[in-house]
Structures are given as structure tokens and as C-alpha cells.
Ligand SMILES: Nc1nc2c(ncn2[C@@H]2O[C@H](COP(=O)(O)OP(=O)(O)OP(=O)(O)O)[C@@H](O)[C@H]2O)c(=O)[nH]1
Ligand SMILES: [Mg+2]
């Protein structure tokens, strides 16, 4: 593929206090650019590849020293991006590393986009697309489970599954071609039963992959869980107990929380963003009014919601409105404060949203908290899915392509069942094969027929 023409630079290590930090520079000018500001015994352009050099980074305009550094020179192609790469190890600490990076930019590099080094590695054929995505997931992984899943993807697990399914598709295509071109080979005929059965099998495997993919997306992006309810029902108390710190102010004064509070927390290996909101009620207070409007917005954006009710008080109109949200939104109801005498009509709530979506709760009970955590994990991971399974981490792109492939296979199935000609069936199967290949960045350029016949022993 085409070589990149410009040279990019970025800090490769994490922010924060550390003894060293590394800046990575990649591209055709990497060595020339760093040479402009690097003072040492020898010029980097004269140094052997994969060697390390001690020296100073100077300001390009007045030559004043910025930092004492070690510079590693790596010439293409044996580098991460397969371009010339220079790594500058500076002293840690935000100031030094930033100053050196700025000077590298002044000397002619440009700031890299997020993931651009990995993108270049892919463009230069060092890794496939799903592996490239895996590397990015690995960097972004927020929980241990997500990290393991990303690692699996880097190692090519997704690629293997996809390749196996595509291989099966080719076998079916080969049969169809033989049937069309050599009708006398009747032992290899693609009967409609054969195609139907194969298409169904392929669809099952894709459904499994899609399940895994959806689960993977949750691991990566996390789940936005919004807590909504009337003032004083205990929303902030619930947030605090889930995130295990006193993040939100809790008082017995209704209307304590006036803004949206968001905290991230790992529950059972799944990253959650827990959102606490202002209690919803009709109000004239201008600040509270804005808070309530925001709460409604939060509900829109949430993946699922917890409607919190105060079990020690009878239901009011607002509670019914909130319960109504669950008709369109995933989530469930917690009837809170059950340590107090119960005044709420629990049967009515059960009836409104279904018993399985209602849980009696007390913020003061640790037991209840554990049960609730289990419930949300189970809910998110889906039935039958073990939360501890590490699937590959899917992006929206993967999910879209898997769904498209399933559509193609459904067309295959429909065509067969409608008694269409094999030519037509083959077109849809080919489309399925091509679409699925896009997940791992395999373009359909190879001659399809060559591929087919290399899979299939025709002469027998
Ligand atoms: N008895 C009892 N009191 C609770 C429980 N949960 C919360 N509370 C109390 O209820 C009061 C309100 O709690 P908050 O968490 O501030 O309620 P909120 O829903 O965030 O209230 P706003 O921010 O005003 O909308 C506090 O005095 C809490 O201690 C519970 O399970 N049982
Ligand atoms: Mg509150």
C-alpha cells in the first residue's frame, strides 16, 4: 500500500509522574527531524539501525538545552509502523516531555492522531485490521476483562473465527459452481437441501459471533446506567454505595442533587458509568428546573435506567410517569428504604413493569447491594452468557458487517426456499463471503473462482 508522506510524533507513555517518558516519531523524515534538534557526538543519520544514543535536545531557534535524552534509531522495515522510527526517552514529568515534543513538531513533524501509529502498521501490512483494532482496544481497555479480550483480538482470535466461516462459505460456493458447470458430476451436486442446511449452519455460527461481539462492545464502551427518581428517594445514596465513595452529597432535604453526577466503576469486570440525577418533580426553582430537564436528557442517553421509588411513601403521579419510562427503556425498579415500614403499593408496581423487573431494596443493606450488582451484571451480560468469558472486543464496524453478512445468508435461504436458480443463490453467498472478509480487512480482489477451486478437488 502507499507509503505515508508525512512524519508524525506523539508521547508514547502514560501521563503522570514517572522517571522517563518516551516520544515516538515515525515517517520518512523522522531521523532528519530529530537530528535538527539533537546535539550529540554523531548525527543520527549516520548511525546504524536499532542503536541508542545519548545527547541533548535543544531548542531549534536559540539552541538552549531542553532535556538530556536517549534516542533510539530504528530504520524501516523492522519497526512497529514499518517506517523509520525514532524514539526519544526524556525525563519523566509532564513539562519536560511536552517541551521536547513541541520542539520535534517545530522541527517538522506533526502531532499524530490517536491510533495513527497502529493505523500505519496496518497500512504497511504489518498487522490485519482486526488486530489493529485490538491494539487500540488494548490501550483503551478500562477493566481487566476488557484487556484480556483485547489481547485475544490482537492475537487474532476474531480473524481465526472469521476465516473458518469464510472457508465454509467457499465450500458451498464451490459445490454450486460444480453443479452449474459440470452437471454430470452428480456426486457433488449442490441440492437445495444441501445449500439450505449449510446456510442455516453458517447463520448459527454468525449469530454466536454476533452475541460475542455485542457482549464485547459492552466490555469496551461500558454501560451507562442512569438512576432516576423523585427527590429524596435515595438516588445519591445508591450512587455512593455503587462507586464505594461518598461522591454525591446525601441529605434528607429533597432537591439536594441539582446537577448530573457521573462516576465510572467496574462491576464484575464490566465498566459502568453510573449517572446520578436531580430528583424529578414539578418545581419553580430555576436551578432545580434545569437539573430536572437534564435528568430527562440523561434518561434518553442511558443504556439502562434504574427507577428508584421510596417504599416508605405512597406512589404519586411522578412515580407513575417514571415507571412509564420502562415501557421503552431497558432497566428496572428498586423500591428503596424497605428498612422502614412499607407504604407503597408493591403489587401495583409489579403489575406495571413485571415482577422480574422489581427489587425491594435498602441502601443500608450490604446484602442488597451485592444482589443488585449481580442483577445488573447478569442483565448486561445477557442470559446464558458468563460474565467472566472474555470475548473479542467488537467495534460497531464489526457488528454492522456481521449483521450484513447475516442478511446475505438470509437471502441465500430465501432464494433456495423460493426455488430460485443456483446462479442467484451463488451471488448472495459470494456477497456474504465478501462482506465477512471486510471484518478482517480482506478485500475481495483475489480471483474468487481461483480461491474456490483451490478449496475443492474437482477432477475426481
Ligand atoms: N431509611 C432509609 N433511608 C435512606 C435509604 N436510602 C437513602 N436514605 C436517606 O434518604 C435521604 C435522601 O437520600 P439521597 O441519597 O440524598 O436522595 P436523592 O434521591 O439523591 O435526593 P435528591 O438529590 O434530593 O433528589 C437521606 O437522608 C438518606 O440517608 C434507605 O434505604 N433507607
Ligand atoms: Mg441526590
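Calculate the FRET efficiency for residue 377 and residue 105 from the Cβ-Cβ distance with a Förster distance of 51 Å, rounded to the nearest 0.05. About 0.70, to the nearest 0.05.
Cα gyration tensor of region 222-381, axes a ≥ b ≥ c as square roots of the eigenvalues: rounded (a/c below 1.5), prolate (a/b > b/c) or oblate?
Values: a/c = 1.28, a/b = 1.06, b/c = 1.20.
It is rounded, given that a/c, with a ≥ b ≥ c, falls under 1.5.
Where the centroid of each part is defined by its Cα atoms, how far is region 253-276 from region 55-129 in Å? Using only Cα atoms to place each centre, the spacing works out to 39 Å. Convex hull volume of the C-alpha atoms in region 8-126, normalised per residue: 91 Å³.
So what is the relative contact order for region 8-126, in percent, with contacts set as C-alpha pairs under 8 Å and at least six apart?
Numbers: 250 pairs, mean separation 38.4, N = 119.
Relative contact order for region 8-126 comes out at 32 percent.
Taken together, the values in this text are just the output of simple stated rules run on the coordinates, not laboratory data. No experiment lies behind these values; they were computed from the predicted model shown. As a convention, Cβ positions derive from the backbone with ideal geometry for all residues, glycine included, and neighbour counts pool all protein chains shown.
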